[in-house]
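The values are calculated or read from the model by the stated rules, or taken from the named source; none is laboratory data. Values in this document were obtained by computation on a predicted structure and should not be read as measured data. Quick reminder, even Gly has a Cβ in these numbers, built from the backbone with ideal geometry, and neighbours come from all protein chains shown.
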């Protein structure tokens, strides 16, 4: 079995210098983020426990990764967390939880780990991306999702912060995003050219305006149908790493998959990624050798119609994460250096003749 070694800190430093790291091995920090205040449905806070029960730690360890399990973070529910602008839900609770997560992710990356954050709703990316960017200022983000999650507090129709995290993280939108209570710590850390979307198929009008007018690269499901997933990944890496190598942050919403594959989630949309497309995305990101952090979000075991649906959704999420760290569809192999050769026979020729 290939031994894993810490590389995230080295990756962040060498990526900016344009040095390609090869044959990466991984020291993985696993962070549970049971954040649920970013949306309205109950149950997504059980996501981390569901992924652990589906064998995530064992799968990563089986790939030779050294797993440092940080456990599940404790998030304080702020009392009397009033709506912002009579619409935006739980701003103080989400802001405080995101700050705790940002500090944790920052420490994990600084210690040399690749950080895997399991949620929880997608508002947790406020913390995970911010914490990652503290250590890797030139991080590139691949956002795999049915939704753009880039509404501002002034354009959101639902009021749910899990549909808004990228608007807070994007520098170009700084003058369009009001200061929410609980968000004073948060500073924009991404530029429009640092983000690539894959899998979009349910985009709000204001989000579409932002994608087009701020020149953000995205690949909708129609683009995937038209180009094929191989070309989509080639263009993704050309966008993010065409000029220099840089660490990658993969933020993966399980609803990027078609609901037939991932039914236990809060906002399913028909016509999503196939299993093969999802695994190909993870395989190609792993093959760059530049993956530094992963979010896996929106697995909600309370929304499965049966235990089989919950198990299928959790198993799919574990497959994505494991593939990011080296599992392949050619087989998850341990190190194999040489073929065995025949040893001396158990029986001499004469003994064989007697036996016959």
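Return only the number of the condition from (1) under 16 Å from the mean Cα position of the chain (by Cα); (2) on the phi > 0 side of the Ramachandran plot that residue 255 does not satisfy.
The single condition residue 255 does not satisfy is (2).
Being over 28 Å from residue 101 (Cα atoms) and in contact with a helix residue (DSSP H, G or I) (Cβ under 7 Å, 6 or more places away or on another chain): is that true of residue 226 here? I'd like the intermediate steps shown before the answer.
Working: over 28 Å from residue 101 (Cα atoms): yes; in contact with a helix residue (DSSP H, G or I) (Cβ under 7 Å, 6 or more places away or on another chain): no.
The answer is no for residue 226.
May I ask you to list the residues in the range 267-281 that are closer than 25 Å to residue 304 by Cβ and surrounded by fewer than 24 Cβ atoms within 10 Å (Cβ to Cβ)? Write out each step before concluding.
Residues of the range 267-281 that are closer than 25 Å to residue 304 by Cβ, as a first pass: 267-279, 281.
Selection gives 267, 268, 269, 270, 271, 274, 275, 276, 277, 279.
Every residue, every condition in (1) in contact with a helix residue (DSSP H, G or I) (Cβ under 8 Å, 6 or more places away or on another chain); (2) at pLDDT 95 or above; (3) part of a strand (DSSP E or B); (4) surrounded by fewer than 19 Cβ atoms within 10 Å (Cβ to Cβ), yes or no:
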| residue | (1), (2), (3), (4) |
| --- | --- |
| 215 | yes, yes, no, yes |
| 219 | yes, yes, yes, no |
| 231 | no, yes, no, yes |
| 235 | yes, yes, no, yes |
| 240 | yes, yes, no, no |
| 244 | yes, no, no, yes |
| 251 | yes, yes, yes, no |
| 262 | yes, yes, no, no |
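In the range 264-274, is there at least one residue being in a helix (DSSP H, G or I), modelled with pLDDT of 95 or more and touching a helix residue (DSSP H, G or I) at 6+ places or on another chain (Cβ under 8 Å)?
The initial filter retains those residues of the range 264-274 that are in a helix (DSSP H, G or I), namely none.
So far as the range 264-274 goes, no, none of its residues is in a helix (DSSP H, G or I), modelled with pLDDT of 95 or more and touching a helix residue (DSSP H, G or I) at 6+ places or on another chain (Cβ under 8 Å).
Show the residue pairs meeting these rules: Cβ distance below 9 Å; 6+ apart or different chains; first residue within the range 288-302 and without any contact (Cβ under 8 Å) to a residue 60 or more places away in the chain and on the phi < 0 side of the Ramachandran plot; second residue surrounded by fewer than 24 Cβ atoms within 10 Å (Cβ to Cβ) and assigned to a helix (DSSP H, G or I).
That search, which allows pairs on different chains as well, returns 288/237; 288/241.
Among the residues of the range 283-324, which ones are part of a helix (DSSP H, G or I), under 25 Å from residue 161 (Cβ atoms) and within 11 Å of the chain's Cα centre (by Cα)?
317, 320, 321
Checking the structure you have, find out if any residue of the range 113-129 is more than 28 Å from residue 82 (Cβ to Cβ), in a loop (DSSP other than H, G, I, E, B) and in contact (Cβ under 8 Å) with a residue 12 or more places away in the chain.
yes
Filtering the range 57-79 down to residues that are surrounded by 17 or more Cβ atoms within 10 Å (Cβ to Cβ) and out of contact with any strand residue (DSSP E or B) (no Cβ under 7 Å at 6 or more places or on another chain), which residue is farthest from residue 122 (Cα to Cα)?
Filtering first and then ranking leaves 64.
Any residue in the range 144-160 that's on the phi > 0 side of the Ramachandran plot and modelled with pLDDT of 95 or more: show its pairings with residues that are assigned to a loop (DSSP other than H, G, I, E, B) and crowded, with 24+ Cβ neighbours inside 10 Å at Cβ separation under 7 Å, as long as the two are six or more apart or on different chains.
149/164
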